[in-house]
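The block underneath contains the structure these notes are about, expressed in structure tokens.
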Amino acid sequence: MEGLIEVCADWTAHRPPARLGTLRIIPGRSEERFEFAFDDAALADEPVAKRLLDPDLAPYAGRQFPKGARGTFGIFKDASPDQIGRASCRERV
């Protein structure tokens with residue numbers, strides 16, 4: 001099932017959380033693939049636009065994909081549970 005995750009920045013105490021963009025999850029036969037698109041407002045915000053979030057994410061508009069054989073961006077890798085983690089979450093619900 002394809003999904004969308006809103007990605008927000010909440011790393012500064014004196015600023016409210018700001019939406020960075022959208023992470024799209026694309027199901028595949030053996031694994032999920034991801035794409036990310038920055039929001040225009042995030043790109044217009046100089047502190048956000050100058051911060052390198054991931055080597056595969058450049059500060060420009062449009063869809064971006066992980067380079068090479070990687071299925072996801074490094075910045076999101078630890079935030080996404082693997083198959084065992086998803087099974088554990090389902091068992092707890």
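The values are calculated or read from the model by the stated rules, or taken from the named source; none is laboratory data. If you're wondering where the values come from, they're calculated on a predicted model, not measured in any experiment. Note: ideal-geometry Cβ built from the backbone for every residue, glycine included; neighbour counts use all protein chains shown. Protein only, heavy atoms only, side chains kept; ligands, DNA and RNA dropped before computing areas. Shrake-Rupley method; radii C 1.70, N 1.55, O 1.52, S 1.80 Å.
Values as computed for the structure displayed
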{"read-out": "Positive minus negative residues near residue 36 (Lys, Arg vs Asp, Glu; Cβ under 13 Å)", "value": "+2"}
{"read-out": "Inter-label distance, nm, simple model (7 Å from Cα along the C-beta direction), residue 52/residue 4", "value": "3.1"}
{"read-out": "Estimated FRET transfer efficiency when R0 is 25 angstrom, pair residue 77-residue 18 (beta carbons, to 0.05)", "value": "0.70"}
{"read-out": "Within the accessible area of segment 1-46 (1.4 Å probe), percent carbon and sulfur", "value": "52"}
{"read-out": "Extension gain (nm, one decimal) between residue 43 and residue 30, 0.36 nm per residue minus Cα-Cα", "value": "1.3 nm"}
{"read-out": "Derived scalar couplings ³J(HN,Hα) [segment 52-58; Karplus, 6.51 cos²θ - 1.76 cosθ + 1.60; whole Hz; x for Gly, Pro]", "value": "7, 7, 7, x, 8, 10, 9"}
{"read-out": "Segment 6-11 - phi-based ³J(HN,Hα) in whole Hz, Karplus 6.51/-1.76/1.60, Gly and Pro as x", "value": "7, 9, 10, 9, 9, 9"}
